[in-house]
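Working notes, structure below.
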Amino acid sequence: MAGMTSAPAPSISSSAHTARAFSKVPEVTALFWVIKVLTTGAGETSSDFLVTHLDPIIGVAIAFVAFVVALTLQFRADRYRPVLYWFAVVMVSVFGTMVADVIHVVLGVPYLVSAPAFAILLAAVFVVWHRVEGTLSIHSITTRRREVFYWCAILATFALGTATGDLTATTFHLGYLASGLVFTAVIAIPALWFAIGRRHAIVTFWFAYVVTRPLGASYADWMGVDHARGGLAWGTGPVSIVLLVLIAALVAVLARRATAGRHRPITA
């Protein structure tokens, strides 16, 4: 019609901006890894606190309800929102720890069996995810189906990491501090691999993501358990509170940055 002009086609850069804006997961930065390690420690000690200071069934039930609520809020979000995302990660950490512990303590499955089983489960998630979606990149989490695959993988990594950390600390008798030092050395492998070659980013990311679980949990256990178990005896409750406060403070920083980014004018 007269007087009407057609709207310009979106540029590649604007399309990329839109994809990032509606991503359901955060950018991978140094702060991402710091918070991730803190959540693994908080999940370990919070799980131990709940099942030792409450009836274990009640403790697991509370964690399961919080886990469901957290994931429901995350799935209902229209984009990555730091508070919702990291709340979900914390609750996956707590509940994933409980799943691994229940399989060992209640069902009597040794860590030498459960750790490989969780590894196979995680591999199966990755295989199906890749066959269906063609990628395992976290930068592509923009659809509901990919988000489901992503959180299935996350839950499996926490269960695997819990079993692996307990395997080295108890079955292999390394203790929690030595286990933490071992996993500190292990996590340096993908970091150096990526830093040197800048290749295989997806593989190095997921390798590091799995290792953060036993890494953070080992140090948290070392701080929380009593001297008889080789720990500092600070208590799982106090350690959990400190870790959760640190997580909340860092997530608040991310939330403030996200808000500032949305309000910043876009320049050509």
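The values are calculated or read from the model by the stated rules, or taken from the named source; none is laboratory data. What you see is a predicted model, and the numbers here were worked out from it, not measured in a lab. Here Cβ is always computed from backbone atoms with ideal geometry, including for glycine, and neighbour counts include all displayed protein chains. Please note that ligands, DNA and RNA were not included when accessible areas were found on the heavy atoms of the full protein model with its side chains. Shrake-Rupley method; radii C 1.70, N 1.55, O 1.52, S 1.80 Å.
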Next item on the list: When a/c is below 1.5 the answer is rounded, else prolate if a/b is larger than b/c, else oblate, so apply that to the stretch 178-268 with a ≥ b ≥ c taken from the square roots of the Cα gyration tensor eigenvalues.
Entry: oblate
Item checked: Cα-centre dipole for the stretch 67-226 with unit charges at Cβ (Lys and Arg positive, Asp and Glu negative), debye to 20 -> 740
Next item on the list: Would you indicate which of (1) 84, 35, 32; (2) 52, 38, 31; (3) 48, 41, 35 is the value of Cα extents along the principal axes in Å derived from the coordinates of this structure?
Entry: (1)
Margin query: I'd like the orientation of helix 236-263 relative to the chain: the angle between its Cα long axis and the longest Cα principal axis, in ° from 0 to 90, rounded to 10.
Written below: 10
Item checked: Calculated FRET efficiency for the pair residue 23/residue 259, C-beta based, R₀ 25 Å, to 0.05 -> 0.95
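Among 100-108, 240-248, 126-134, 173-181, how do they line up by average Cβ neighbours within 10 Å per residue, starting with the highest? Let's see the in-between values first.
On the way: 100-108: 15.6, 240-248: 17.6, 126-134: 12.8, 173-181: 19.1.
The peptides rank, most packed first, as 173-181, 240-248, 100-108, 126-134.
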Checklist line | Per residue, in Å², the accessible surface of the stretch 147-268 once ligands and nucleic acids are set aside, probe 1.4 Å | finding: 51
Check: Once a ≥ b ≥ c are taken as the square roots of the eigenvalues of the Cα gyration tensor of the stretch 17-171, is the result rounded (a/c under 1.5), prolate (a/b larger than b/c) or oblate (a/b not larger than b/c)?
Finding: prolate
Check: Over its Cα atoms, what ratio of radius of gyration to 2.2 N^0.38 Å does the stretch 99-156 give?
Finding: 1.34
Check: Order of 185-197, 201-213, 141-153 by packing, highest average Cβ count within 10 Å first?
Finding: 201-213, 141-153, 185-197
Next item on the list: Using only Cα atoms, find the angle between the long axis of helix 12-21 and the longest principal axis of the chain, and express it within 0 to 90 degrees, rounded to the nearest 10.
Entry: 40
Notebook entry, point to check: Roughly how tilted is helix 56-76, in degrees to the nearest 10 and between 0 and 90, from the longest Cα axis of the chain?
Noted result: 10
Next item on the list: Can you check what the net charge comes to around residue 132, using other residues whose Cβ is under 10 Å from the Cβ of residue 132 (Lys, Arg +1; Asp, Glu -1)?
Entry: +2
Next item on the list: Assuming a ≥ b ≥ c are the square roots of the Cα gyration tensor eigenvalues, decide whether the stretch 64-147 counts as rounded (a/c under 1.5), prolate (otherwise, with a/b larger than b/c) or oblate.
Entry: oblate
Next item on the list: Report in % the part of the accessible area of the chain that belongs to carbon and sulfur, leaving out ligands and nucleic acids; probe 1.4 Å.
Entry: 73
Next item on the list: Taking the Cβ of residue 60 as the centre, find all other residues whose Cβ is under 13 Å away and add up their charges (Lys, Arg: +1; Asp, Glu: -1).
Entry: -3
Note to self: I want the local charge near residue 231. Using Cβ-Cβ distances under 15 Å, sum +1 for each Lys or Arg and -1 for each Asp or Glu among the other residues.
What the structure shows: -4
Margin query: How big is the dipole moment of the chain about its Cα centre under a simple scheme where the beta carbon of each Lys and Arg is +1, that of each Asp and Glu is -1, and everything else is neutral? Debye, nearest 20, please.
Written below: 1220
Margin query: Distance between the C-alpha centers of the stretch 209-247 and the stretch 84-131? Whole Å please.
Written below: 19
